[in-house]
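J.: Before anything else, here's the structure in question.
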Amino acid sequence: MGENIIRRTITRLMVPFIQLFALYVIVHGDSGPGGGFQGGVILGASFILYAIVFGSEAGRRRVPAPVTDVLSSVGVLIYAGIGLLCLLLGSAFLDYRALPFKDPHLAGHYGIFGIEIGVGLTVAAVMVTIFFETAHRGEGGETRDG
């Protein structure tokens, strides 16, 4: 991409705000538009923007492959864990009323909140992984798996 000081400066300034907005979309997904998937896409796009502007190597230093692997797995475990907890408490999968809170409305709120976080983490990590795998393959290299 070359040394473009304007592009790099704007990216350095904007990425934290993009990530903050992504977290806002994830956290408020149960009560407004957005949610885990949309927030995860925005969060993943912020890392992809950084990698596009500063280069693939700098982007991978920010988000190494083991980190994206762990985050995608942790997100799925959060989602499945909440569902299995509902099953173990004698209700249907993801029936938040079974969660151990006094108020069913509060249980639903916390259940959805956990699901949104799990989905957001997984979507962001998978987007970043797909970007780096396809970018690396496009550079003529092989993927990290061979």
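J.: In nm, to one decimal, how far is the GLU133 label point from the ALA65 one, both placed 7 Å along Cα→Cβ?
T.: Label at GLU133, label at ALA65, 1.1 nm between them.
J.: Using per-residue counts of other Cβ atoms within 10 Å, averaged over each peptide, order 97-106, 126-135 from highest down. Numbers along the way, then the final one.
T.: Numbers: 97-106: 12.5, 126-135: 17.9.
Put in order of decreasing packing, that is 126-135, 97-106.
J.: Something else: In whole percent, what relative contact order does the chain give with Cα contacts below 8 Å and a gap of six or more residues? Walk me through the numbers on the way to the answer.
T.: On the way: 195 pairs, mean separation 40.4, N = 146.
Relative contact order for the chain comes out at 28 percent.
J.: Name the residues of segment 16-52 whose amide N is less than 11 Å from a point 7 angstrom out from the Cα of LEU77 along the C-beta direction?
T.: No residue passes the distance filter.
J.: So if we plug the beta-carbon distance of GLU57 and LEU84 into 1/(1 + (r/R0)^6) with R0 = 41 Å, what FRET efficiency do we get, rounded to 0.05?
T.: Values: r = 39 Å, r/R0 = 0.96.
Step by step, r from the Cβ atoms, then E = 0.55.
J.: Based on the Cβ-Cβ distance of LEU49 and HIS28, what FRET efficiency does E = 1/(1 + (r/R0)^6) give at R0 = 30 Å, to the nearest 0.05? Mind showing how you got there, number by number?
T.: Numbers: r = 22 Å, r/R0 = 0.75.
Once the sixth-power term is evaluated, E becomes 0.85.
J.: Over every pair of different alpha-carbon atoms in the chain, take the mean of 1/r and invert it; report that Kirkwood radius in Å. Spell out each step's value before the answer.
T.: Details: mean 1/r = 0.0601 Å⁻¹.
Averaging 1/r across every pair of different Cα atoms and inverting gives 16.6 Å.
Values quoted throughout were computed directly from the atomic coordinates according to the rules given, and no laboratory measurement underlies them. The model shown is predicted, which means the values in this text are computed figures rather than measured ones. With ideal geometry, Cβ positions are generated from the backbone for all residues, glycine too; neighbour counts draw on all protein chains shown.
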